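Worksheet: the structure to be examined is printed underneath.
The values are calculated or read from the model by the stated rules, or taken from the named source; none is laboratory data. Keep in mind that what you see is a predicted model, and the values were worked out from it rather than measured. Because the Cβ atoms are built from the backbone with ideal geometry, glycine has one as well, and the counts that use them run over all protein chains shown.
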Amino acid sequence: MKRALPFLLGLALLFALSGEAHAAKLCCGFFPPESQVSEGTQGEQFSEIAGVAVNSQGSGPGAEPGDIYVVDRSNDRVQQFREIADGEGHRFVRAFGLDVGGAGVNVCTVAASCQAGTASAAA
């Protein structure tokens, strides 16, 4: 949780100083160097970051305190990340949104298998 605040402040500064695509590339320094975080449609990839939230209480199924959720507007999904035990960044947990794991599959837990979600007016 201690690393989450600087991350969020850094993201806010990036959004204020640059466009979303540029911020999507730069934000990824928060993730470990071996991570494949980049611009794209798979898990750990972003197209247009529209928001970031920290689950400080660990509320909800599959959540732990300190989990970070990144809204990727252009990919129509939310990605969840969890701090790595040694404090060296965060790892991909899952993406969720309509069809992110394929037709009719709304949760994806293998980053390389995830895809952009399907836009929907349903809330």
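Numbers below:
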| quantity | calculated |
| --- | --- |
| Qualifying position, being modelled with pLDDT under 90, crowded, with 18+ Cβ neighbours inside 10 Å, touching a Pro at 6+ places or on another chain (Cβ under 6 Å) and not polar (S, T, N, Q), among 89, 58 | 89 |
| Search result, residues across the range 45-63 that are in contact with a Ser or Thr (Cβ under 7 Å, 6 or more places away or on another chain) and within 22 Å of residue 110 (Cβ to Cβ) | 45, 47 |
| Cβ pairs under 9 Å, 6+ apart, first in the range 107-123 and assigned to a loop (DSSP other than H, G, I, E, B), second exposed (fewer than 15 other Cβ atoms within 10 Å of the Cβ) and of a type in the set (A, V, I, L, M) | 118/103 |
| Scan of the range 58-83 for residues that are within 12 Å of the chain's Cα centre (by Cα) and outside any strand (DSSP E or B), ordered by number | 73, 75, 76 |
